Amino acid sequence: MSDDEAVEEYLFKIVIIGDSAVGKSNLLSRYARNEFNAHSKATIGVEFQTQSVEIDGKEVKAQIWDTAGQERFRAVTSAYYRGAFGALLVYDISRRATFENVSRWLDELNSHSDTTVARMLVGNKCDLENIREVSMEEGKSLAEAEGLFFMETSALDSTNVRTAFEIVIREIYNNVS
Ligand code: GDP
Ligand code: MG
């Protein structure tokens, strides 16, 4: 067997979307670098991080894109969505308005995707139980109604962050292989 045959490569683009300040950038920095920033400032321009996961003995790379703040101006461009095979749609369990905007983000995602996109609804900041405004049941039932995976996470204390990204990565792998 030649080297070409031995090495199969997978590279999947995943986008993170959702309202401003729900924790998108911190979910990515927690997953990719195990870092959390309490005072993260949006930087200008689109950025992504690449993470490798082993599935079925194969190296699968996820190129995970972060909006870098342009969602504040309602100007997430079609270039951001182009070629995405997976998406994390994030709201903040302590701010109800961010949950109410989920359907808007979902419409935008659907209108920009021409392939099967593995989609996960993420209720972030589950460490803020004392000021919760969206119950886990509401998140679950919205996800069920829309055919999305669902998970509550905390970028602050790391709850479910790796799991959320890896469920999406595995689903993409299953969709394409
Ligand atoms: P983005 O605008 O969606 O990228 O949100 P950021 O990642 O910049 O986070 C916005 C604010 O929420 C920052 O002050 C973060 O420190 C904070 N934050 C992000 N994730 C969490 C979390 O899981 N728990 C708590 N308590 N705060 C978080
Ligand atoms: Mg951000």
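Each reported figure results from applying straightforward, stated rules to the coordinates on display, with no laboratory input. The structure presented is a predicted model; accordingly, all values stated were derived computationally and were not measured. Heads up, the Cβs are rebuilt from the backbone with ideal geometry, glycines too, and the neighbour counts pull from every protein chain shown.
A few comments on the model shown:
- Note on the chain: Lys pairs 8 or more places apart or on different chains, Cα atoms under 20 Å apart, count 9.
- Using a Förster distance of 35 Å, the FRET efficiency for ARG96-GLU166 (Cβ separation, nearest 0.05): 0.80
- The packing ranking, built from the mean of other Cβ atoms within 10 Å per residue, places the peptides 76-86, 91-101 in the order 91-101, 76-86, highest first.
- When the helices of the chain are scored as -39500 (n - 2.57) per DSSP H run of n ≥ 4 and the total is divided over every residue, the value at 222 nm lands at -9500 deg cm²/dmol.
- The packing ranking of peptides 159-169, 50-60, highest mean first, is 159-169, 50-60, where packing means the average number of other beta carbon atoms within 10 angstrom of each residue.
- FRET E, pair ASN37, ASN174, Förster distance 41 Å, beta-carbon r, rounded to 0.05: 0.80
- Debye intensity ratio I(q)/I(0), log10, the stretch 91-135, q values 0.20, 0.33 Å⁻¹ (C-alpha model): -0.67, -1.15
- log10 of Debye I(q)/I(0), alpha-carbon scatterers only, for the chain at 0.15, 0.19 Å⁻¹: -0.81, -1.31
- Full-stretch length increase - GLN49, ALA79 - with 0.36 nm per residue and alpha-carbon distance subtracted: 9.2 nm
- You can think of it this way: the chain between SER103 and GLU133 has 9.1 nm of extra reach, that is 0.36 nm per residue less the Cα-Cα gap.
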